[in-house]
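Just so it is clear, none of the values below were taken in a lab; they were calculated from the coordinates. Please read these numbers as outputs of a predicted model, since none were measured by experiment. All Cβ positions, even for glycine, are placed from backbone atoms using ideal geometry, and neighbour counts span all protein chains on display.
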Amino acid sequence: MHLRPLKAAPNPAAPNPAQQGRSGEAKEPLWRDVVGDVLRTERLAQERTLKDVSDAARISMPYLSEVERGRKEASSEVLAAAAHALGLGLSDVLSLAQTRLAGLPRARPARASYQAEVRLAA
């Protein structure tokens, strides 16, 4: 029997080619990526399967998988159902996601290629 090595879980802090600006600078991660990562991390920490959580939340397993991978932008109802299936409140999931975002380096805003001048009339 041949076993393949396990892939490491994606790191939402790592630059994703789809999330890079024209200059190659990393953009801030998408909210759906961070929330999905929080849900997956909590599910794995509880050693629960995707099927177990999707059944408890009454969400289809493929859809929950897409949410966890950041491929789908879940509604607040779906997020609440997934959170409750994990024994968490919606506010817990959002707080964990906010904490992760706050710990990431901030993307610098693009610099304007022109200089604006402001004049005030008296």
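When G36 is tested against (1) out of contact with any Leu (no Cβ under 8 Å at 6 or more places or on another chain); (2) over 26 Å from G103 (Cα atoms), only condition (2) is not met.
Of all residues in the stretch 48-76, those being farther than 27 Å from L104 by Cβ and of a type in the set (D, E, K, R) number 4.
Inside the stretch 45-60, residues that are of a type in the set (S, T, Y) and in contact with a helix residue (DSSP H, G or I) (Cβ under 6 Å, 6 or more places away or on another chain) make up a count of 1.
Selection of first residues in the stretch 34-58 that are surrounded by 14 or more Cβ atoms within 10 Å (Cβ to Cβ) and of second residues that are in a helix (DSSP H, G or I) and hydroxyl-bearing (S, T, Y), restricted to Cβ pairs under 6 Å at least 6 apart or on distinct chains, gives the following pairs, ordered by first then second residue: L50/S65.
Across the stretch 39-72, the number of residues qualifying as outside any helix (DSSP H, G or I) and either among the polar types (S, T, N, Q) or under 13 Å from A97 (Cβ atoms) (or both) comes to 4.
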